[in-house]
Amino acid sequence: MNARGTAETVQRCNWAVGNNPLYLAYHDEEWGVPSHDDRHLFEMLVLDGAQAGLSWATILKKREGYRRAFCNFVMEKVARFDSRQVERLLRNPQIVRNRVKIEAAVANARAALAVREEFGSLSAYLWGFVGGQPIVGRWRTVRDIPAETAESRAMSKDLKRRGFRFVGPTICYAFMQAAGMVNDHVVDCFRYRELAGRAGRAASDRQRPRRQTAPRAPQTRP
């Protein structure tokens with residue numbers, strides 16, 4: 001029994017309904033909750049990049065392994081990783097053993113430190129792409145949720161300019177969902193009502209280049 005109740009007693013986004021307790025906890029307690037913590041934001045950037053081509057369930061299962069391997073996502077520590085540490089991570093079965101993704105995480109830590117130096121915090125920089133407050137969607141089904149938006153495209157473009165990797169528009173939108181920069185719970189989900197009561201602005205009728213069957217805290221989340 002989840003603290004919020006079972007999938008049968010509580011209305012949730014359908015991507016979270018099932019018997020996976022990691023999914024339930026992630027949906028009920030974390031996804032869409034506004035985060036301004038630099039460590040957590042960096043963690044989600046790394047995990048969303050690591051998910052590329054994989055399911056979110058795979059990443060959730062490996063999350064604790066990632067925290068151990070990447071020094072609990074303390075940016076200063078990850079930024080100091082050298083080639084020997086990268087080689088060691090490639091032998092670590094608790095994470096996704098992909099050299100490009102591992103090297104991207106290190107590069108992103110260094111880029112994030114530069115952002116923090118310029119803006120005062122990683123949070124201040126990232127939240128600037130949504131005007132400092134969550135965008136509240138009004139989606140009736142997960143099929144209505146966009147895969148990317150003008151905001152995620154702008155974020156992706158600027159992150160790439162600053163040297164970040166694995167930050168395409170779809171990955172950035174998944175990150176924005178995870179970090180609570182957008183509330184993309186469907187309107188009949190109990191979390192939509194809880195989170196929509198916080199300060200936020202309504203989502204505009206954004207152009208959708210394609211649809212996804214679940215938020216990419218979602219895309220393949222699940």
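Classify region 69-159 as rounded, prolate or oblate from the Cα gyration tensor: take a ≥ b ≥ c as the square roots of its eigenvalues, call it rounded if a/c is under 1.5, otherwise prolate when a/b beats b/c and oblate if not. Note, shape of region 69-159 comes out oblate. With neighbours defined as other Cβ atoms within 10 Å of a residue's Cβ, the residues Arg84, Arg99 order from fewest to most as Arg84, Arg99.
Of Lys61/Lys101; Lys62/Lys157; Lys62/Lys101, which sit over 26 Å apart, Cα to Cα? In this structure, Lys62/Lys157 lie more than 26 Å apart at Cα. The angle between the Cα long axis of helix 99-119 and the main principal axis of the chain comes to about 80°, on a 0 to 90 degree scale. First check a/c for region 1-122, with a ≥ b ≥ c the square roots of the eigenvalues of its C-alpha gyration tensor; if it is under 1.5, answer rounded, and if not, answer prolate when a/b is larger than b/c or oblate otherwise. Cα axes put region 1-122 in the oblate bin. Between helix 38-51 and the chain, what is the angle of the helix's C-alpha long axis to the longest principal axis, kept within 0 to 90° and rounded to the nearest 10? On a 0 to 90 degree scale, this one is about 90.
Read-outs: derived from the displayed coordinates by stated rules, not from any lab. From a predicted model like this one, the values you see are computed outputs, not experimental measurements. FYI the Cβ positions are ideal-geometry reconstructions off the backbone, even for glycines, and counts take in every protein chain you see.
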